[in-house]
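**Q** To start, I am sharing the structure in question, which I have written as structure tokens.
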2 protein chains.
Amino acid sequence: MSAAYVHGYHPRENERLQDQAGTLVDLLHSDTSYPRGSVVLEAGCGVGAQTVTLAQRSPTARFTSFDISADSLAEAKRKTDAAGLSNVQFQQADLFALPFSPESFDHVFVCFLLEHLSRPVEALAILKRLLRPGGTMTVIEGDHGSAYFHPDSSAAQMAIQCLVELQRRAGGNALIGRQLYPLMVEAGLEAVHVSPRMVYVDSSRPGLVDGFTRKTFTAMIEGVRESAIAAGLSDPAAFDAGVRDLHRAAEGDGVFCYTFFKGVGEKGRRA
Amino acid sequence: MSAAYVHGYHPRENERLQDQAGTLVDLLHSDTSYPRGSVVLEAGCGVGAQTVTLAQRSPTARFTSFDISADSLAEAKRKTDAAGLSNVQFQQADLFALPFSPESFDHVFVCFLLEHLSRPVEALAILKRLLRPGGTMTVIEGDHGSAYFHPDSSAAQMAIQCLVELQRRAGGNALIGRQLYPLMVEAGLEAVHVSPRMVYVDSSRPGLVDGFTRKTFTAMIEGVRESAIAAGLSDPAAFDAGVRDLHRAAEGDGVFCYTFFKGVGEKGRRA
């Protein structure tokens, strides 16, 4: 597990990211599809949680999905093979030393990647160079500071803050969703449009109670328990109380809110 | 100014509520309209910030709008008169001692009222009694805990917390938006559906930067400066730093997020 990543590499995390993609796929991706013949780069595809959706929604586009981790790529390939997809090729590569030619892609897709990087604008600028003029870049990130719930709980807020702090110490930024607009503008993208994708969960939406509040968000927080305690950010009892209160928000009279942000920008034709 | 209200009664507050209604009218109200001949009760209409919109969108419905404050009602009437509306009648009344007959309304509309009440479920149950079986209740509330922004600022969060605490001390609840679903269910409404209405503001949306971030939200926080200092919740320098940081979020690379919640429920036909 790279020190620069807080989550995304453990088997249980894989499961969580799958649950997340399955539950949120319409919310996050229903408005992304690429025209016939488009050449699309997926940056930091990880275990392919988004890759299958992406490639299925644009069956006549051709995708190149890269990641730094060979293990993740192997898992991603298993997924696209199982889905019978033939329009994705995978490549192991480091974002900061990519083997692609400038202006060789029509579109770039980035999902849950920038949150792990200490230089997100530099990453976007690198990816922008790979876009042809007039091409688009789509960026999706969450924001853990957008999580609130009923009943409110300072213990649960503290447990979330542990993840935010761990991610910060690893060079990332768990509050990056709200920053997509200024980051994309700073990277030189044009006509940037950011739209929030809020997940609102009450007990009239049992699929989201289970799929998002419990198995995505609370599971993610539970996943950093040992790290948070080892780092001295919480003692076990306090952390467990926070997790208990997150589960409490999944009960009949509970409510849970979280927001993802999706930005789309263009590479100028005069760039 | 009633001790039970933190905002809504001062002239500057009137202006703010108007700005808010003007900016947010589509977001909050575009999906509310009542059929020809409907008899609709607007509870706690205040200075009529929502009344004009409501009555204009349902020109063939008849509205009764009540409030406890005669001054607010006079202002509300001036507004509907100026808009040339003839389908609204105003009545001064206390929510907890209403002069209306049971089951005398087809629909009830409640906006920015519950946040000021210490017994919101009792209020909803009272209003539900006035509904005919099969009638609907629409409830809209904000949630100050849903506010977050870039750059993040603990000073700004503290200034917001001052308003939350003042409202709590006055018997209200500034975090009530997220609770609409359980509150409406507890009041016995059926088929309750809550939808969040998130206001996302970056500099590509200059109307919202000015109309919402500055003139609605930040103005509201500025409006409790003296009360917060008098109550010992903040010293002047800390509060002013918080307000400065809220204005900072309205600059070119700033972002501001806030969410309103809108719930619609029915009175059961077997009630």
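The values are calculated or read from the model by the stated rules, or taken from the named source; none is laboratory data. Quick caveat, the model's predicted, so the values are computed rather than measured. Here Cβ is always computed from backbone atoms with ideal geometry, including for glycine, and neighbour counts include all displayed protein chains. Keep in mind that these areas ignore ligands, DNA and RNA; they rest on the heavy atoms of the full protein, side chains included. Shrake-Rupley method; radii C 1.70, N 1.55, O 1.52, S 1.80 Å.
**Q** List the lysines whose alpha-carbon lies under 21 Å from that of A:LYS79, not counting same-chain residues fewer than 8 positions away?
**A** A:LYS215
**Q** How do A:ILE140, A:ILE126, A:ILE68 stack up against each other in accessible area, from largest to smallest, with a 1.4 angstrom probe? The partial results should precede the final answer.
**A** Numbers: A:ILE140 0, A:ILE126 25, A:ILE68 90 Å².
The ranking, largest first, comes out as A:ILE68, A:ILE126, A:ILE140.
**Q** Could you tell me which helices of chain B pass both thresholds, a Cα extent of 20 Å or more along their own axis and a mean Kyte-Doolittle hydropathy of at least -0.5, with helices taken as whole DSSP H runs?
**A** Numbers: long enough: B:11-29 (24 Å, -0.96); B:154-169 (22 Å, 0.14).
Sorted by number, the helices that extend far enough and score high enough are B:154-169.
**Q** Which peptide among B:107-117, B:26-36, B:249-259 comes first, and what is the full order, when sorted by highest mean count of other Cβ atoms within 10 Å?
**A** On the way: B:107-117: 23.4, B:26-36: 15.0, B:249-259: 20.9.
Averaged packing, sorted descending, gives the order B:107-117, B:249-259, B:26-36.
**Q** Of all the accessible heavy-atom surface of chain A, with the other protein chains kept in place and a 1.4 Å probe, what percent is carbon and sulfur? Kindly include the intermediate steps, with their values, before the conclusion.
**A** Details: 5240 of 10620 Å².
With neighbouring chains kept in place, the figure for chain A is 49 percent.
**Q** Further, regarding this structure: In deg cm²/dmol and to the nearest 500, what is the mean residue ellipticity at 222 nm of the protein assembly as shown if only DSSP H runs of at least 4 residues count, each as -39500 (n - 2.57), divided by the residue total?
**A** Estimated from H runs of four or more residues: -10500 deg cm²/dmol.
**Q** Follow-up question, since we're still on this one. For B:LYS77, which aspartates and glutamates qualify as cross-link partners when the Cα separation must be under 12 Å and same-chain residues fewer than eight apart are set aside?
**A** B:ASP67
**Q** At what distance in nm do the modelled label points of A:ALA230 and A:ALA74 sit from each other, each positioned 7 Å from its Cα along Cα→Cβ?
**A** Modelled inter-label distance: 2.3 nm.
**Q** Would you mind listing the distances between the B:ILE229 label point and the same position in each other copy? Use 7 Å along Cα-to-C-beta, nm, one decimal, shortest first.
**A** Reported distances to equivalent positions: 4.8 nm.
**Q** May I ask which residue of chain B has the beta-carbon nearest to the axis carrying chain B onto chain A, and at what distance in whole Å?
**A** B:MET198, 3
**Q** Roughly what percent of Cα-Cα pairs across chain B reach past 28 Å? Write out the running numbers ahead of the final one.
**A** Values: 12370 of 36585 pairs.
When every Cα pair of chain B is considered, 34 percent fall beyond 28 Å.
**Q** Lys/Arg Cβ at +1, Asp/Glu Cβ at -1, dipole of the protein assembly as shown taken about the Cα centre: which of B:LEU233, A:GLY84, B:VAL110 is farthest positive-ward?
**A** Comparing the listed Cα positions along the dipole, A:GLY84 ranks first.
**Q** A follow-up question, please. Just the accessible area for A:PHE212, please: 1.4 Å probe, Å², rounded to the nearest 10?
**A** Using a 1.4 Å probe on the heavy atoms, I get roughly 0 Å².
**Q** Between B:SER69, B:SER86, B:SER204, which gets the highest mean-square fluctuation from a Gaussian network model of chain B, Cα cutoff 10 Å?
**A** Answer for the Gaussian network model of chain B: B:SER204.
**Q** In nm to one decimal, list the spacings between the A:SER33 label point and its equivalents in the other copies, with label points set 7 Å along Cα to Cβ, shortest first.
**A** A:SER33 label point versus its equivalents elsewhere: 3.0 nm.
**Q** Working with all protein chains in place, sort A:ASP67, B:ASP235 by solvent-accessible area computed with a 1.4 Å probe, largest first.
**A** Working: A:ASP67 10, B:ASP235 80 Å².
Sorted descending by solvent-accessible area, the residues read B:ASP235, A:ASP67.
**Q** Just how far, in whole angstrom, is the stretch B:22-93 from the stretch A:94-154 if you go by their alpha carbon centroids?
**A** 46 Å
**Q** Given a 1.4 Å probe, show me the residues in the stretch B:200-248 buried by at least 10 Å² of accessible surface when comparing the whole protein assembly to the chain alone.
**A** B:TYR200, B:ASP202, B:SER203, B:SER204, B:ARG205
**Q** If you restrict to DSSP beta bridges whose two residues both lie in the protein assembly as shown, what percentage is antiparallel, to the nearest 5? Mind dumping the intermediate values first?
**A** Numbers: 40 of 80 bridges.
Antiparallel: roughly 50 percent of the beta bridges in the protein assembly as shown.
**Q** Also: Using Cα springs under 10 Å in a Gaussian network model of chain B, which residue among B:GLN179, B:GLN50, B:GLN157 shows the largest mean-square fluctuation?
**A** Largest GNM mean-square fluctuation: B:GLN179.
**Q** Roughly how many Å² is the accessible area per residue of chain A, as a whole number, for a 1.4 Å probe?
**A** Working: 10620 Å² over 271 residues.
Ligands and nucleic acids excluded, the figure is 39 Å² per residue.
**Q** Separate question: Per the Kirkwood treatment, what hydrodynamic radius in Å, one decimal, follows for the protein assembly as shown from the mean inverse distance over all distinct Cα pairs?
**A** Numbers: mean 1/r = 0.0400 Å⁻¹.
It works out to 25.0 Å.
**Q** In nm to one decimal, list the spacings between the B:SER154 label point and its equivalents in the other copies, with label points set 7 Å along Cα to Cβ, shortest first.
**A** 1.4
**Q** Could you list which residues have their amide H under 5 Å from that of A:ASN173, counting only those 5 or more apart in sequence or on another chain, with H placed in the peptide plane?
**A** Amide H to amide H, under 5 Å and 5 or more residues apart or across chains, A:ASN173 pairs with A:HIS116, A:LEU117.
**Q** What does a probe at B:ALA238 reach in the stretch B:147-163, counting residues whose amide N is under 14 Å from the point 7 Å along Cα→Cβ?
**A** Hits in the stretch B:147-163 for B:ALA238 at 14 Å: B:154-163.
**Q** What does the charge dipole of the protein assembly as shown about its Cα centre add up to, to the nearest 20 debye, if the Cβ of each Lys and Arg holds +1 and the Cβ of each Asp and Glu holds -1? If you can, show how the numbers build up before the last one.
**A** Numbers: 52 positive and 62 negative charges, 240 e Å.
Value, rounded to 20: 1160 debye.
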